[in-house]
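Here the structure is laid out as structure tokens; the discussion comes afterwards.
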């Protein structure tokens, strides 16, 4: 049996093929009066086989049922997933994969910082405790280790017992998220030692920060080694797939497993928020009838909120007047004080600083806005774009946002502009002011677009990857 017999509560046939039953099949089938009853309720005791003789019908039923059990048990694939910590975007996906009857998923976390709460440096040290369930609906374990601090780094934390867990549980496949941490490399090396095939997923793109010659040379050596270790790449999108083709060549197969969010959750929450839209508008002292632009992300330099701020201020018809629109800035971080100073200098009254907003609070802002803008540089994907598209809102993204080739249809569901080009961004924002019908039209197309980027597509891509490396597994 290529996958071994799986003994799980959800797989009764696997339990029925316990080693004792295998012995029963070989030696006692001709002497058991009611083998099916004994299989389910009582394991045989020594000497009992001389007491009964089965009928021909019972013997046929026993063998037929045992063969069916064997076929069902063989198809169960055990997958070990290694990831830094419980991630709010990934939890719903893991729950969805765990529902697959022929996949037994166990998630191994290196850190529990997102569960116990932590000070997020990207949000300016704000204490973050996610208000959505992170650990429900799938099997998981926090690996033992040390240096488990309030931040993640290459060697923080350092986990151990990875090799022993892989050896003990006899996994068929190891899936690792990322390769930038010591623990991830540890998991890949342990799987290689035990000859367990590895699938790798990350969100890196070629739109990365400049690297020195020494670092680039080191990466070439690293990828040459990685090429001999992984059996497949789970690409989150087109830019990510391009990155892996450039890094590993064509010899390592790539399977599309696109970044997605819980579409049902965000679309339903946005629909619910619509009933209270005017209450939120009044709470933020926004006048009805003026378009609303939204920025929601960490206030870091690479997010380029300052570019959006300058573009928005340029919409003012004259010096000393307010733009004929509103800008909402949701988030916190190192750039907040600089942004607030610039707002103060401008004298505008049409910008609202909202601070950090937890995930469950975001749909009401998505519903309130007309256009969502993300002007980042070096943005691997931008999952918040998936979220806002579920609210049927137009999107404006820089060309360095990773999801652009996958999600943005330029001129249809939004616009793309060259990163850090404030003039180009200003012109795009002005188009929404000139044509009030543009944003809702684009929003409808955005909602239709995001429907094709769901967890179902993720599961299908994951199954294709498993089928390529696990004999007998069906995609």
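Of all residues in the stretch 398-416, count the ones that are in contact (Cβ under 8 Å) with a residue 24 or more places away in the chain and either touching a helix residue (DSSP H, G or I) at 6+ places or on another chain (Cβ under 8 Å) or closer than 21 Å to residue 292 by Cβ (or both). Counting residues in the stretch 398-416 that are in contact (Cβ under 8 Å) with a residue 24 or more places away in the chain and either touching a helix residue (DSSP H, G or I) at 6+ places or on another chain (Cβ under 8 Å) or closer than 21 Å to residue 292 by Cβ (or both) gives 12. Give just the number: which of (1) touching a residue at least 24 places away in the same chain (Cβ under 8 Å); (2) assigned to a helix (DSSP H, G or I) does residue 427 not satisfy? For residue 427, the exception is condition (1). Within the stretch 337-350, the residues that satisfy the criterion of being out of contact with any helix residue (DSSP H, G or I) (no Cβ under 9 Å at 6 or more places or on another chain) and in contact (Cβ under 8 Å) with a residue 24 or more places away in the chain are 347, 349. In this structure, is residue 331 over 30 Å from residue 117 (Cβ atoms) and either surrounded by fewer than 22 Cβ atoms within 10 Å (Cβ to Cβ) or within 29 Å of the chain's Cα centre (by Cα) (or both)? No, not satisfied.
Within the stretch 457-475, which residues are outside any loop (DSSP other than H, G, I, E, B) and either crowded, with 17+ Cβ neighbours inside 10 Å or touching a residue at least 24 places away in the same chain (Cβ under 8 Å) (or both)? Listed by number, the residues that qualify are 457, 458, 459, 461, 462, 463, 464, 465, 466, 468, 469.
Okay, residues lined up against (1) out of contact with any strand residue (DSSP E or B) (no Cβ under 7 Å at 6 or more places or on another chain); (2) closer than 23 Å to residue 277 by Cβ; (3) in the same structural domain as residue 133 (by TED's automatic domain parsing); (4) in contact (Cβ under 8 Å) with a residue 24 or more places away in the chain:
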| position | (1), (2), (3), (4) |
| --- | --- |
| 352 | no, yes, no, yes |
| 356 | no, yes, no, yes |
| 360 | yes, yes, no, yes |
| 376 | no, no, no, yes |
| 383 | yes, no, no, yes |
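Of all residues in the stretch 385-399, those being surrounded by fewer than 23 Cβ atoms within 10 Å (Cβ to Cβ) and in contact with a strand residue (DSSP E or B) (Cβ under 7 Å, 6 or more places away or on another chain) number 1.
For the stretch 232-251, residues that are part of a loop (DSSP other than H, G, I, E, B) and within 21 Å of residue 91 (Cα to Cα) total 2. Only residues that are assigned to a loop (DSSP other than H, G, I, E, B) and either surrounded by fewer than 22 Cβ atoms within 10 Å (Cβ to Cβ) or without any contact (Cβ under 8 Å) to a residue 12 or more places away in the chain (or both) were counted in the stretch 299-328, giving 12. For the stretch 207-233, the set of residues classified as surrounded by fewer than 11 Cβ atoms within 10 Å (Cβ to Cβ) and under 23 Å from residue 399 (Cα atoms) consists of 209, 210, listed by residue number.
Considering 392, 446, 412, 419, the condition of being within 22 Å of residue 359 (Cβ to Cβ) and assigned to a loop (DSSP other than H, G, I, E, B) is satisfied by 392 alone. With respect to the conditions (1) touching a strand residue (DSSP E or B) at 6+ places or on another chain (Cβ under 8 Å); (2) farther than 29 Å from residue 91 by Cα, residue 372 falls short on a single one, namely (2).
Do we have residue 258 as in contact with a strand residue (DSSP E or B) (Cβ under 9 Å, 6 or more places away or on another chain) and over 21 Å from residue 331 (Cα atoms) here? Yes: the conditions hold for residue 258. What are the residues in the stretch 184-224 that are assigned to a helix (DSSP H, G or I) and at pLDDT 95 or above, if any? Matches in the stretch 184-224: 184, 185, 186, 187, 188, 189, 190, 191, 192, 193. Applying the condition of being assigned to a strand (DSSP E or B) and over 14 Å from residue 284 (Cα atoms) to the stretch 353-373 and asking which residue is farthest from the chain's Cα centre (by Cα) yields 371. Scanning the stretch 252-274 for residues being in contact (Cβ under 8 Å) with a residue 40 or more places away in the chain and part of a loop (DSSP other than H, G, I, E, B) gives a total of 7.
Meeting the requirement of 1 or more residues that are at pLDDT below 85, the helices (runs of 4 or more DSSP H) wholly within the stretch 53-170 are 56-74, 113-116.
The values are calculated or read from the model by the stated rules, or taken from the named source; none is laboratory data. The structure displayed is predicted, hence computed values, not measured ones. Note that we place each Cβ from the backbone using ideal geometry, even for glycine, and neighbour counts take in every protein chain shown.
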